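Undergrad: Here you go, one structure.
The values are calculated or read from the model by the stated rules, or taken from the named source; none is laboratory data. Remember, predicted model here, so these are calculated numbers, not experimental data. A quick note on method: Cβ atoms are made from the backbone with ideal geometry, for glycine too, and the neighbour counts reach across all protein chains shown.
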Amino acid sequence: MRTAISAVLLAVTVTSACADATNGERLAQHWCAPCHAASGQDGSAPALPAIARNGWFTRDRLAISILLFHPTMPDTTLTRDEAVDLAEYIATLSKVPNN
């Protein structure tokens, strides 16, 4: 498991330099918005800006979490690049460090 996580971390770190927040926003509207309402008041999941403000997350950690650890995400498979784009967009909702 550590080897797989290390491989994903390296791939995400290398890819994050080319992240596309505009594509990430499109992905968020399609895949995230139903559960991560902008207001965070529907109770199903934290709002994306609240996730962005979580001090633990960096863009890389967020992309890895989306790829590997999101427990209740609908049946969808995001590519590594899509996860990085999504993390880049979420980072624009609040100041999130690069690494």
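Undergrad: Out of the residues in the range 53-99 that are farther than 20 Å from Ala33 by Cβ and among the polar types (S, T, N, Q), state the one that is modelled with the highest pLDDT.
TA: Step by step, filter the range 53-99, then rank; the result is Thr58.
Undergrad: Contact list please: Cβ distance under 7 Å, first residue in the range 27-51 and polar (S, T, N, Q), second residue in a loop (DSSP other than H, G, I, E, B) and modelled with pLDDT of 75 or more, pairs at least six apart or on different chains.
TA: Short answer, once both residue conditions are applied: Ser39/Ala47; Ser44/Cys35.
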